[in-house]
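The values are calculated or read from the model by the stated rules, or taken from the named source; none is laboratory data. Fair warning: this is a prediction, and the values are worked out from it, not measured in the lab. FYI the Cβ positions are ideal-geometry reconstructions off the backbone, even for glycines, and counts take in every protein chain you see. Note: accessible area is taken over every heavy atom of the protein model, side chains too, but ligands, DNA and RNA are not part of it. Shrake-Rupley method; radii C 1.70, N 1.55, O 1.52, S 1.80 Å.
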Amino acid sequence: MAYHVESRVMSWARCSMMSLMMLTWSGAQPDVLVYTVLMELGVSPSEAEFMSQDPCSAEGFSCDEDGQIIGLVFSFRKLGGRLPKELGQLLMLQELDLPGNTLKGSIPKELADLHGLRRLNLGANNLDGHIPEELGNLTALEEIRLEGNDLTGRIPWKLERLRRLRKLELAYNHLSGEIPRELGLLESLEQLSLTKNHFEGDIPQEIGRLKALEVLDLSQNLLWGKIPKELGQLWSMRELVLSRSRISGKIPPELGHLEKLEILDLDQNHLVGQMPKELGKLRSLRRLVLSHNRLIGNIPKELGQLDGLRELHLNRNQLTGGIPKELGELQRLRAIDLSHNKLSGNIPKELGLLEALYWLSMQKNQISGQVPKELGQLRSLYYLDLRGNRLQGEIPRELGNLEELWCLDLFGNRLTGKIPQEIGRLKALSTLDLSQNWLMGEVPKARSLRELYLGGNQLTGGIPEELGNLQTLRALNLAENQLQGDIPEAIRKLRALEELSLSKNRLGGNMSSISLMLSSMRLRVLDVSYNSFRGEVDLNLSAESCQDLQHMDLSHNKFCGSLSNLANIFCKLSPIGGSLQELRLNHNKFSGEVPACLMQFRHLTLLALNNNRLQGSFPEVHAPELVVLALHKNRFSGTLPRSLHTLRNLGVLTLHENSIGGSISDIRLTAICMDNSKFRQQALSCKGWKRVARFQQHFQRLQHFEELQLRENCPTLFGCPLNGKAYITLHRNRFSCAVPDRIAAKATVTGLVIMGNMLGFGRELNSPWILPEEKHSFLYYSDGVWKSNLKVLCGVLILLSFAALCYPWRQRLHDASRNLTLSSTAWVASSNFALLKTCRSTCLFASPLLLLLWHGGSYYECSPPLWRTTSANFQAQPVVELCVIGNWCVMLFFFSDSLG
């Protein structure tokens, strides 16, 4: 590496010397210092040669009357070099402006020699290292801009000497430590921006001395403590941004003295207490953001005095009480976000007077009453979100006047009546979510709709044919209603449809309607579960029709027949299985064997075939991304395939209630890492959350329980846990022999495996992944014990049957012998002797069977002989074993007495 660096340096030196020699031969007089500076900055040699001949006339340079360079401005020139220390030799330099390049390295301390420097702008580069404390010697500096670099360390306290400094921009670096209190001595400072660093500690109250300060941005740091009340003395303040830190305490009422304040942003902190009513004195305020804190109490009605307010964000607090009707007086208000609070009461009809309003969100509150028809007067409204409240009554028809409305979300209320057809006239409407209400009637016919969610209502009848007119529709959810009949052919017209959910209805018909639908669309999600579709799954369509299908759910229907027809469609795709990730066919009546190709789908993560009538040997599994495999409650036989050992992502395996036998040593599970495809959080799926993942503030605005739900259902969003959970069920099969101590390397396994099997060696199983509830001796026995030890059953039944026959016949013969003649008595004696011989023959036949069982039989395939097990049981549980032996003795006594 050193050799290459030295070679490059020597090459550059030779190139520079040759260039200077050529310039000398041609009669030009280059400025060697300028040439060196330009080359270090990353200017091409030819351009550096040209500029160094006459810097004062070159682009990017400015000179005074004496020809001295006073300005160097190379903004956004894609320079990739370093800041040369030779810059300190341009002694007359007043402006050094190099933003928007890719300069690297540290800031040279030689810049401290530029005593006349007034503007230093090195923002948006890749500079690293510390801020040189020598910059504190540049007393003429009026502006320092170092934002958007990789600077580390602390802010030098010597910057306090820069009494002429008006702008200090250090945002978007990796600076740390406390904010120096000495900054309070910069009496000329107008703008201070330290956002997106790692500063910690309190906000210095000395900042309150900066009477000229207009912009203070300390957001996205690790600051704690309270907001200094001294900030209320900054009469010139226009922007105060302290968001996304750890600031606590109450909002100081003194902030109400900042009459020129236009932006107050305290978002995402730990502020408590009530909103001070003094905020109503900020008549110049345009943007008020107090969201994601722990504020309580009512919304002050004094906010209605903020005539210039354009944005009001109070979401994600614990505000209570009603919504002040005085907000309806803020004619310039464009956005209101009161979501995720505990607000109650009605929606003030006065909000209908806000003609400039384009965003209104009140979701997740306790608002009741009806939706005011006056909201239909908000002709500029673009987004209306009232989901998750207690609104009731009918949806006002006046909402059909909102010509600019793009999204209408009334999910999870108690709305009743019919869906107004006027909503179908909204030409700009793209998303309509009316799910989880008590609505009925026809589906609106808004031709511009891209997403329509009507699940969880009381819609009846068939699926409307008119839905076929929604040519731009991409998502349609009619789940959890009372729809009946077949899927209409009009649905085939929805060429742009990607997601279709019709689950939990009363729909019926055969597979032909679904097949026709798939042939005309490029669906990604198809869910028709929990209906009454029946018949064989015979898809008469090309493989390309299923190329984009990622989630297919046909579960909880009455489909029957073989899986071959369904599997063959996907087996023709490349890669095998196409894009299919989840296939749910459980709770149907499928029969026959599982096609081998079905177990080879390239992107398959979930396969649910449980609760069917499938049979045959356990199939080999070669789906590399498989996470969940559910085959329980079928009729599979054979043993576990070795291919299970190769599935590196397998986290859930359910095989219970089959006839699978052999050992379970070939199973290797891992922690579950798969998103729940049916999960929705704030109307966003896991994939939707991934799209907004780059906006970190979206995550930080989540409540704690919402974040827990998101982490549980969308683990890939946060990075899969190293030691997560895995699940397995193997009970009620024919597994036997040893149980491995571990079946998962980095996962906590939960499973049922013992009941109904013949596992172990007749002793208690101590594998750590077996549930404690299964570690009981009575669970170690199953129906298979009797099937594998028929000799016990035969011997016992033969002895009992002959004992039962011999005893009454012997008594009858004995009574008859007293009343018979001598010849009859001889016959009885011979019969008695014949009966005795028969019983003795029976004993001779049954005894070897019992002896064979005693010495060679066992309760388990891998357990010791029965006599050892009995001996061990007698030592462990003598009382129980004595009872067993006593029962055998009683039976033998009864048998011997019958022979006497």
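Quick check on the range 505-530: of everything there that is in contact with a Ser or Thr (Cβ under 7 Å, 6 or more places away or on another chain) and not hydrophobic (A, V, I, L, M, F, W, C), which residue is modelled with the lowest pLDDT?
519
Can you pull out every residue in the range 419-464 that is assigned to a strand (DSSP E or B), more than 27 Å from the chain's Cα centre (by Cα) and at pLDDT 90 or above?
Matches in the range 419-464: 438, 439.
Could you list, ordered by first residue, the pairs with Cβ atoms under 7 Å in which the first is in the range 600-612 and among the aromatic types (Phe, Trp, Tyr) and the second is open to solvent by 10 Å² or more (accessible area, probe 1.4 Å), at least 6 apart or interchain?
That search, which allows pairs on different chains as well, returns 601/576.
Would you check which residues across the range 94-142 are in contact with an Asp or Glu (Cβ under 8 Å, 6 or more places away or on another chain) and more than 20 Å from residue 40 (Cβ to Cβ) and list them?
Correct list: 118, 119, 136.
Among (1) of a type outside the set (D, E, K, R); (2) under 15 Å from residue 288 (Cβ atoms); (3) part of a loop (DSSP other than H, G, I, E, B), where does residue 304 come up short?
All conditions are met except number (3).
If you go through the range 434-443, how many residues are crowded, with 17+ Cβ neighbours inside 10 Å and touching a Leu at 6+ places or on another chain (Cβ under 7 Å)?
So the count comes out to 5.
Just need a number here: residues in the range 611-637 that are among the polar types (S, T, N, Q) and within 23 Å of residue 578 (Cα to Cα).
Qualifying residue count, the range 611-637: 0.
Determine whether the range 739-755 contains at least one residue that is modelled with pLDDT under 65 and surrounded by 13 or more Cβ atoms within 10 Å (Cβ to Cβ).
For the range 739-755, residues modelled with pLDDT under 65 and surrounded by 13 or more Cβ atoms within 10 Å (Cβ to Cβ): absent.
Scan (1) free of Cβ contacts under 8 Å to residues at least 40 places away in the same chain; (2) open to solvent by 10 Å² or more (accessible area, probe 1.4 Å); (3) under 21 Å from residue 550 (Cβ atoms); (4) not β-branched (Val, Ile, Thr) for the single condition residue 502 breaks and write down its number.
Exception for residue 502: condition (2).
Going by the structure shown, is residue 167 farther than 23 Å from residue 240 by Cβ and in contact (Cβ under 8 Å) with a residue 12 or more places away in the chain?
Against the criterion (farther than 23 Å from residue 240 by Cβ and in contact (Cβ under 8 Å) with a residue 12 or more places away in the chain), residue 167 does not qualify.
Looking at 806, 794 in this structure, which one is at pLDDT 60 or above and crowded, with 20+ Cβ neighbours inside 10 Å?
Just one listed residue meets the conditions, 806.
Any residue in the range 70-91 that is closer than 24 Å to residue 163 by Cβ, β-branched (Val, Ile, Thr) and out of contact with any helix residue (DSSP H, G or I) (no Cβ under 8 Å at 6 or more places or on another chain)?
Taking every residue of the range 70-91 in turn, at least one turns out to be closer than 24 Å to residue 163 by Cβ, β-branched (Val, Ile, Thr) and out of contact with any helix residue (DSSP H, G or I) (no Cβ under 8 Å at 6 or more places or on another chain).
Condition check ((1) open to solvent by less than 40 Å² (accessible area, probe 1.4 Å); (2) in contact with a Leu (Cβ under 6 Å, 6 or more places away or on another chain)) across all residues:
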| residue | (1), (2) |
| --- | --- |
| 616 | yes, no |
| 625 | no, no |
| 629 | yes, yes |
| 633 | no, no |
| 637 | no, no |
| 645 | no, no |
| 649 | no, no |
| 655 | yes, yes |
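Got a sec? Which strands (runs of 3 or more DSSP E) wholly within the range 31-140 have at least 2 residues that are within 26 Å of residue 151 (Cβ to Cβ) and open to solvent by less than 20 Å² (accessible area, probe 1.4 Å)?
69-73, 95-97, 119-121
If I ask for residues that are open to solvent by 10 Å² or more (accessible area, probe 1.4 Å) and either within 22 Å of residue 295 (Cβ to Cβ) or touching a helix residue (DSSP H, G or I) at 6+ places or on another chain (Cβ under 7 Å) (or both), which ones from the range 348-364 would you list?
348, 349, 350, 353, 359, 363, 364
Being part of a helix (DSSP H, G or I) and farther than 20 Å from residue 397 by Cβ is the filter; apply it to the range 327-369 and report the residue that is farthest from the chain's Cα centre (by Cα).
It comes out as 329.
For the range 169-186, check the following and say yes or no: at least one residue is open to solvent by 10 Å² or more (accessible area, probe 1.4 Å) and among the hydroxyl-bearing types (Ser, Thr, Tyr).
yes
Can you tell me how many residues in the range 470-488 are modelled with pLDDT of 90 or more, out of contact with any helix residue (DSSP H, G or I) (no Cβ under 8 Å at 6 or more places or on another chain) and not in a strand (DSSP E or B)?
So the count comes out to 5.
Can you tell me which residues in the range 314-347 are in contact with a strand residue (DSSP E or B) (Cβ under 7 Å, 6 or more places away or on another chain), of a type in the set (Gly, Ala, Ser) and open to solvent by less than 10 Å² (accessible area, probe 1.4 Å)?
335, 339
Considering only residues of the range 244-274 that are part of a strand (DSSP E or B) and farther than 13 Å from residue 227 by Cβ, which is least open to solvent (accessible area, probe 1.4 Å)?
Taking the candidates together, the pick is 263.
Which of the residues spanning the range 370-418 are surrounded by fewer than 18 Cβ atoms within 10 Å (Cβ to Cβ), in a strand (DSSP E or B) and out of contact with any Phe, Trp or Tyr (no Cβ under 6 Å at 6 or more places or on another chain)?
Within the range 370-418, 392, 393, 414, 417, 418 meet the criteria.
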